[in-house]
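The values are calculated or read from the model by the stated rules, or taken from the named source; none is laboratory data. This is a predicted model, so every value here is computed, not measured. Cβ atoms come from the backbone with ideal geometry, glycine included; neighbour counts cover every protein chain shown.
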Amino acid sequence: MRKLLIKEVAAKGIKDQRVLEAMMNLPRHYFFDDIFVTHAYEDKAFPIGQGQTISQPYTVAFQTEQLEIKPGDKILEIGTGSGYQAAILLELGADVYTIEYNKVLYEKTKIFLPQLGYKPRFFHGDGSKGLPDFAPYDGIIVTAGAPSLPQDLVKQLKVGGKLIIPVGNNKTQVMYRLTKVAENKISKKAFNNFSFVPLRGEKGWK
Ligand code: SAM
């Protein structure tokens, strides 16, 4: 079932073989309660409790591909959720910092993910302002829909670093990739529409 899902994701336009391999290596059903495992290999987001979701596999693949991760890259993920996206980033050899706003999900994933052998650095708090104490990052991935482009996040990128973030209303968002081409210069690319749960916090939806 996982092979078929990866084929489906590739057919939707994901070309980076390393991203597809990472998704092949990571059983997505581990992130589902037993009674829901039959949904694990559908290309759909799924509820994980607390009103939140594990992102759609295509979305995970798309955002990951856009980061163009090299082993050793320092990546900040905003919105730990189930930990699936963080595990994919670790599969690609990234040094992962992940921040979650919801205390229950933070506590749950901080225990669960290391049991699978994935050990990012976990933080609880408002990631809409990034994680300045550990900046700068080679990449920042935001896995919740932001109302606008948070300048704090751009500041926390290294030169050459990339921010991948969905921006829009609380139903649908345009995916943006911002690249910090020089200290005061950003290049911006817009992609298709996606649908994420809202980014909360000071620079998110209050
Ligand atoms: N990356 C997750 C995964 O692989 O399961 C999917 C995350 S879900 C679509 C979005 C997550 O962002 C939720 O867990 C939500 O609580 C979290 N979130 C929302 N606003 C946040 C904020 N300001 N800082 C950190 N996390 C936030």
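A few remarks follow.
- Residues in the stretch 70-79 include none that are of a type outside the set (Phe, Trp, Tyr), at pLDDT below 95 and away from the ligand (no atom under 15 Å from the Cβ).
- Flag if residue 65 is of a type in the set (D, E, K, R), in a strand (DSSP E or B), modelled with pLDDT of 95 or more and under 30 Å from residue 201 (Cα atoms): no
- Matching residues, the stretch 59-99, being out of contact with any strand residue (DSSP E or B) (no Cβ under 6 Å at 6 or more places or on another chain) and of a type in the set (D, E, K, R): 65, 68, 70, 91
- Residues in the stretch 194-204 that are part of a strand (DSSP E or B) and touching a strand residue (DSSP E or B) at 6+ places or on another chain (Cβ under 6 Å): 194, 198.
- In the stretch 173-206, the residues that are among the β-branched types (Val, Ile, Thr) and either touching a helix residue (DSSP H, G or I) at 6+ places or on another chain (Cβ under 6 Å) or more than 14 Å from the ligand (Cβ to nearest atom) (or both): 174, 179, 181, 186
- Candidates 70, 44, 7: the one that is of a type outside the set (Phe, Trp, Tyr) and farther than 30 Å from residue 124 by Cβ is 7.
- Residues in the stretch 168-191 that are of a type in the set (S, T, N, Q), farther than 21 Å from residue 53 by Cα, touching a strand residue (DSSP E or B) at 6+ places or on another chain (Cβ under 9 Å) and surrounded by fewer than 12 Cβ atoms within 10 Å (Cβ to Cβ): 187 only.
- Cross-chain or 6+ apart pairs with Cβ under 9 Å, the stretch 177-206 first and under 14 Å from residue 144 (Cα atoms) and β-branched (Val, Ile, Thr), then within 10 Å of the ligand (Cβ to nearest atom) and assigned to a strand (DSSP E or B): 197/52; 197/53; 197/145
- Verdict on residue 129 being farther than 18 Å from residue 55 by Cα and near the ligand (Cβ under 9 Å from one of its atoms): yes
- Selected residue (criterion: nearest to residue 52 (Cα to Cα)) from residues of the stretch 98-124 that are assigned to a loop (DSSP other than H, G, I, E, B) and over 16 Å from the mean Cα position of the chain (by Cα): 116
- Residue check for residue 4: in a helix (DSSP H, G or I) and over 24 Å from residue 175 (Cα atoms): yes
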